[in-house]
Amino acid sequence: MPVTIEISPRVTSDITSMCSQGVLPGRAISDSASFNRSDFFAWDPIPKAATFGSRMQDPDFKTINSPTISLAIASNAIIAGSDGVVINDGAAIADTIAHISFWLDESLVKEIKSSISVEFKRRLEISKKLNGRYFVGYSGSFRNYAHWMNETLPKLYVYKMEKQKDPDLILLMPPLGRFQRQTLSIMGIDMEDVATVDHCEVVQVESALIMSGIDIWTIPPLLIEAASSLRSAVVSCDTEFNPDRRIYIHRSGGVRNVSNFEEIKGVIEAYGFDIVDFETMSISDQIVTMYGAKHVVGEHGAGLINILFMKPGGTVLEIFNSGCAQPAFWSVASARRLNFGYIVGSSDNGDDWNSSYAVNPERLRNAIEAQISVA
């Protein structure tokens, strides 16, 4: 019989604060860290339409302050569907409400206000109670490949370590698609050890392990460790590659397409770049491709998160439209000790985040010249 629960609209503090204040038992699993983002080897002025782009030319944003990552234990925690919202003592935990796709019918969330309050589309009813210990291994952004690698991969990495201590520990996940299942398979996580929370299902867990959220702008060392572990499961560090291999990551479908790609294709190929489309590749093949790359040029999109698997010292040139310039992959590149640059194309449809755009061939040529001269 479903049990209706009352949920406060307020949001609790983050998991690290809750642990340090004794609200939840837990511990730090990755210390805070600070490091500088890399200098640009190529750059363009940031259009005003790029909401987050101003950060890229703000000197105060140069330093990355990565927070402490903690692991807490919550008794009788409530998990709200594939959104992954964790409710403790009647309020949602702040770390679990970021990047939720509330516009989807399968989301239970109606609105989130600045990580202060969360409103659900309906009153929540607990449909199932799970006895035992469970590790909440996902966030509401699991559908997006970049967010999956950035936010979920570290959780899976920690789950594996916790599983060694407690063989009965079960991984709690949403319904998984192709790349999510491939990730678990590479990591050696058996689907028999996974319990699924359906999209609009509300479950109560006797004992839930909950990890701090990870922001794509403040890359913790734990993410780099997790990516290195995944890479090592696919390709060994002594595998030989062309030491100067060049990769161009192309988006062939969806949004933010380069409208004059055929025009710039000649420039790309003239500099010896192999054009790849990660949409058609397995995760293993994507990892091998990026681990073997020295120079990468990529159109802004989820596939660029694969720079996590490059060797330190490589170079990354990111191409934006005029509305979506932002520092996410600059942050990842810096944490991975890669050289980074970017150029901004001219959007075809105003300054919309997802607009297609044209890239000036001569500007691309000059940026690539700067790129290959770095390393």
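The values are calculated or read from the model by the stated rules, or taken from the named source; none is laboratory data. What you are looking at is a predicted structure, and each value in this text was computed from that prediction instead of being measured. As a convention, Cβ positions derive from the backbone with ideal geometry for all residues, glycine included, and neighbour counts pool all protein chains shown.
Can you say whether Pro9 is in contact (Cβ under 8 Å) with a residue 60 or more places away in the chain, over 20 Å from the mean Cα position of the chain (by Cα) and surrounded by 13 or more Cβ atoms within 10 Å (Cβ to Cβ), as far as the supplied structure shows? Spelling it out, Pro9 is indeed in contact (Cβ under 8 Å) with a residue 60 or more places away in the chain, over 20 Å from the mean Cα position of the chain (by Cα) and surrounded by 13 or more Cβ atoms within 10 Å (Cβ to Cβ). Across the range 106-138, the number of residues qualifying as under 22 Å from the mean Cα position of the chain (by Cα), on the phi > 0 side of the Ramachandran plot and either surrounded by 17 or more Cβ atoms within 10 Å (Cβ to Cβ) or in contact (Cβ under 8 Å) with a residue 40 or more places away in the chain (or both) comes to 1. Filtered by the rule that a residue be acidic (Asp, Glu) and farther than 14 Å from Gly140 by Cα, the range 188-220 gives Asp190, Glu192, Asp193, Glu206. Outside any loop (DSSP other than H, G, I, E, B) and surrounded by fewer than 17 Cβ atoms within 10 Å (Cβ to Cβ): does that describe Asp285? Yes.
Yes/no per residue for (1) under 19 Å from His250 (Cα atoms); (2) out of contact with any Asp or Glu (no Cβ under 9 Å at 6 or more places or on another chain); (3) without any contact (Cβ under 8 Å) to a residue 24 or more places away in the chain:
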{"position": "Val316", "(1), (2), (3)": "yes, yes, no"}
{"position": "Ala325", "(1), (2), (3)": "yes, no, no"}
{"position": "Trp330", "(1), (2), (3)": "yes, no, no"}
{"position": "Asn339", "(1), (2), (3)": "no, no, no"}
{"position": "Tyr342", "(1), (2), (3)": "yes, no, no"}
{"position": "Arg365", "(1), (2), (3)": "yes, yes, no"}
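Got a sec? Which of Gly266, Gly253 is modelled with pLDDT of 95 or more and either loosely packed, with under 13 Cβ neighbours inside 10 Å or assigned to a loop (DSSP other than H, G, I, E, B) (or both)? Walk me through how you get there before you give the answer.
On the way: Gly253 fails: modelled with pLDDT of 95 or more.
Unique residue meeting the criteria: Gly266.
Looking at this structure, is Thr280 of a type in the set (Val, Ile, Thr), surrounded by fewer than 21 Cβ atoms within 10 Å (Cβ to Cβ) and in the same structural domain as Val255 (by TED's automatic domain parsing)? In short, yes. Within the range 92-105, identify whether any single residue is buried (at least 20 other Cβ atoms within 10 Å of the Cβ), touching a strand residue (DSSP E or B) at 6+ places or on another chain (Cβ under 7 Å) and part of a strand (DSSP E or B), and answer yes or no. The answer is yes; a qualifying residue exists.
Checked against the criterion of being touching a residue at least 24 places away in the same chain (Cβ under 8 Å) and in contact with a Phe, Trp or Tyr (Cβ under 6 Å, 6 or more places away or on another chain), the candidates Ile268, Ile214, Ile219 yield just one match: Ile268. Entry remark, the range 106-128: residues being touching a strand residue (DSSP E or B) at 6+ places or on another chain (Cβ under 9 Å), among the charged types (D, E, K, R) and farther than 15 Å from Val11 by Cβ number 5 in total. You will find that of Ile219, Ile210, the residue that is under 18 Å from Ile305 (Cα atoms) and surrounded by 23 or more Cβ atoms within 10 Å (Cβ to Cβ) is Ile219 and no other.
Among strands (runs of 3 or more DSSP E) entirely within the range 39-90, having at least 1 residues that are touching a Ser or Thr at 6+ places or on another chain (Cβ under 7 Å), over 16 Å from Trp217 (Cβ atoms) and modelled with pLDDT of 90 or more singles out 69-80, 85-88. Note on the range 264-291: residues that are out of contact with any helix residue (DSSP H, G or I) (no Cβ under 7 Å at 6 or more places or on another chain) and closer than 17 Å to Ile224 by Cα amount to 1.
Scan the range 316-351 for residues that are over 22 Å from the mean Cα position of the chain (by Cα) and of a type in the set (Asp, Glu) and the total you get is 2.
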